[in-house]
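Visitor: One structure is given below, represented as structure tokens, and several questions about it will come after.
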Amino acid sequence: MKFIENIKNVWKIEELRNRIILTLGLLLVYRFGAQVTLPGIDASKLGGFASNFDGGGLGSLLNAFTGGAFANASVFALGIMPYISASIVVQLMQIAVPYLQKLQKEGESGRKKINQITRWLTIGICLIQAPSYLLGLEALGVPADAFILGKPLWFMVTSTLILVTGTIFAMWLGEKITDKGIGNGISILIMVGIIATLPQSFVQEFASRVFESNGGLIMVLIELVIWFVIILACVMLVLAVRKIPVQYARRTATGEYERNIFGARQFIPLKLNASGVMPIIFAQAIMFVPSAVASLSDSEWATSIQATYSDIFGLWYNVTFAILIIVFTYFYTAITVPTNKMADDLKRSGGFIPGIKPGTDTAELLDRIMSQITLPGSIFLALLAIFPAIVVKLMGLQQGWALFYGGTSLLIMVGVAIDTMQQINSYLLNRHYDGLMKTGKNRKAVA
């Protein structure tokens, strides 16, 4: 009943209602575009191509991030991932490029310039990925007769232009959801793309268990319970924080009555997983390298390496994957959590950690605590990332369904869902606060 009441409260707020409707409308446009095949390709002959991405593997993971657009040879086949790649590159460049560091300190104007650089870099990445995607379609399983007029130069040029435009349009949709919708537009587009492949993966797993006598309905129920537990673990990882107590100096306020205001006791929340899913994304990018390099050689050793690091559910792939995640978690946390700046800001505002001198000692303490909590956080993140491989080996899950038992897919779904609920909750709290203010004014007027 409380849940239904909260839904009614959400719908009563006109601004929030309009934002939700706009967000749903833009998501509908995005999902529609994911089904529109590139001009010059016969969509009826892509069935075999799409089936190649149903059984797990790197292709299935890429297809999940684009919401099936990759397997549909859609105008949104590249999805929003080029923009994500450009954002990561720009974020890393801010560490070493003085110009970007200067822009970062300029506030809103600097942020706009950085966003513009990210957009141009996105176009550059698309201009590389789009022709590569078009040239590789036949190698990925698209029959030659699916190309209605073949693949002449004009087809490559126009299709590249359409794919680049599709990514830019998807980026625009995400920015509009952020500005005019409920926020986190780019993340919501990725989450919707991932969720779009969830029903099909579950139906395939259900059919395998029930209709092929592979464990029956009871096994499906066990899988759902385990999935629910993993989701709870992801929620704990996203929300877990270490609270560092902070005391603010006592101040004296003068007015009609002079009084002492004792320092407020607050906390600095240090997140257990301050890097989010970025270590997994970095690690997955690195995991492409061994098989790509090994493919350049025909030796037996190179073939073995390529086979080992092409199987995302294999032992050595996941051992290497987990180690890289732990390393990148420390690296990304170090560059995104500025303990020195936190200590300086705390000192300027008159705050201090009890028993610790402001300034350098505070920065060292924060850095030490951050290092201590990053270790269990990184190990927990690595376990979640390789859990799909564990359930495939131990429980025999369909590989497409197993991808939702951890890794980037589940963490993105959980993280974006929590952020979206917090956005909606803030609107509810603000509305409640405005109502209290109006009530207070009315009481004063009556008096």
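The values are calculated or read from the model by the stated rules, or taken from the named source; none is laboratory data. Fair warning: this is a prediction, and the values are worked out from it, not measured in the lab. Quick reminder, even Gly has a Cβ in these numbers, built from the backbone with ideal geometry, and neighbours come from all protein chains shown.
Visitor: Within the group Tyr83, Tyr99, which residue is within 23 Å of the chain's Cα centre (by Cα), hydroxyl-bearing (Ser, Thr, Tyr) and modelled with pLDDT under 90?
Guide: Tyr83
Visitor: Going through region 45-67 one residue at a time, which ones are at pLDDT below 70 and not small (Gly, Ala, Ser)?
Guide: Asn52, Phe53, Asp54, Leu58, Leu61
Visitor: For the structure I just gave you, tell me whether Phe70 is part of a loop (DSSP other than H, G, I, E, B), under 28 Å from Leu149 (Cβ atoms) and modelled with pLDDT under 80.
Guide: Criteria not met by Phe70.
Visitor: Now a separate question. For a quick check of your reading of the model, give me the residue pairs whose first member lies in region 331-346 and is touching a residue at least 12 places away in the same chain (Cβ under 8 Å) and on the phi < 0 side of the Ramachandran plot, whose second is exposed (fewer than 13 other Cβ atoms within 10 Å of the Cβ) and of a type in the set (A, V, I, L, M), with beta-carbon atoms closer than 8 Å and at least 6 apart or on different chains.
Guide: Note: pairs meeting the criteria are Ile335/Ile95.
Visitor: Also: Just to be sure I understand, how many residues within region 307-316 are without any contact (Cβ under 8 Å) to a residue 40 or more places away in the chain and crowded, with 18+ Cβ neighbours inside 10 Å?
Guide: Qualifying residue count, region 307-316: 1.
Visitor: Tell me, yes or no, whether region 326-344 has at least one residue that is small (Gly, Ala, Ser) and touching a Phe, Trp or Tyr at 6+ places or on another chain (Cβ under 6 Å).
Guide: No, region 326-344 contains no residue that is small (Gly, Ala, Ser) and touching a Phe, Trp or Tyr at 6+ places or on another chain (Cβ under 6 Å).
Visitor: Please work out which residue is nearest to Ile88 (Cα to Cα), limiting yourself to region 283-316 and to residues that are under 22 Å from the mean Cα position of the chain (by Cα) and aromatic (Phe, Trp, Tyr).
Guide: Across region 283-316, the extreme among qualifying residues is Phe288.
Visitor: Would you confirm whether any residue within region 328-347 is more than 23 Å from the chain's Cα centre (by Cα), buried (at least 17 other Cβ atoms within 10 Å of the Cβ) and within 22 Å of Leu232 (Cβ to Cβ)?
Guide: Within region 328-347, none of the residues are more than 23 Å from the chain's Cα centre (by Cα), buried (at least 17 other Cβ atoms within 10 Å of the Cβ) and within 22 Å of Leu232 (Cβ to Cβ).
Visitor: State which residue is surrounded by the fewest Cβ atoms within 10 Å (Cβ to Cβ) when the search covers only region 391-429 and only residues that are free of Cβ contacts under 8 Å to residues at least 24 places away in the same chain and under 20 Å from Phe228 (Cβ atoms).
Guide: Ranking the candidates gives Leu394 first.
Visitor: Same structure, new question: From the residues in region 268-292 that are of a type outside the set (S, T, N, Q) and in contact with a Phe, Trp or Tyr (Cβ under 7 Å, 6 or more places away or on another chain), which one is modelled with the highest pLDDT?
Guide: Checking each candidate, the answer is Pro279.
Visitor: Could I ask something else about it? Among the helices (runs of 4 or more DSSP H) lying completely within region 94-154, list those that include at least 2 residues that are in contact with a helix residue (DSSP H, G or I) (Cβ under 7 Å, 6 or more places away or on another chain) and over 30 Å from Ala71 (Cα atoms).
Guide: By residue number, 98-104, 108-135.
Visitor: What's the number of the only condition in (1) in contact (Cβ under 8 Å) with a residue 24 or more places away in the chain; (2) under 22 Å from the mean Cα position of the chain (by Cα) that Thr178 fails to meet?
Guide: With respect to (1) in contact (Cβ under 8 Å) with a residue 24 or more places away in the chain; (2) under 22 Å from the mean Cα position of the chain (by Cα), Thr178 is out only on (1).
Visitor: Sticking with this one: Looking only at helices (runs of 4 or more DSSP H) that lie completely in region 310-414, which have at least 2 residues being closer than 23 Å to Val241 by Cα and in the same structural domain as Phe206 (by TED's automatic domain parsing)?
Guide: 315-336, 339-348, 360-395
For (1) closer than 30 Å to Asn214 by Cα; (2) touching a Ser or Thr at 6+ places or on another chain (Cβ under 7 Å), each residue gets a yes or a no:
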site: Val337; (1), (2): no, no
site: Gly351; (1), (2): no, no
site: Thr362; (1), (2): no, no
site: Met370; (1), (2): no, yes
site: Leu375; (1), (2): no, no
site: Leu384; (1), (2): yes, no
site: Ile390; (1), (2): yes, no
site: Trp401; (1), (2): yes, yes
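Visitor: Anything in region 188-214 that is without any contact (Cβ under 8 Å) to a residue 60 or more places away in the chain and not in a helix (DSSP H, G or I)? List them, or say none.
Guide: Result: Phe211, Glu212, Ser213.
Visitor: So, one more: What are the pairs with Cβ atoms under 6 angstrom where one residue, in region 121-135, is closer than 19 Å to Gln91 by Cβ and the other, located anywhere, is among the small types (Gly, Ala, Ser)? Sequence gap at least six, or different chains.
Guide: From residues that are closer than 19 Å to Gln91 by Cβ, the pairs are Leu121/Ala86; Thr122/Ala86; Ile125/Ser85; Ile125/Ala86.
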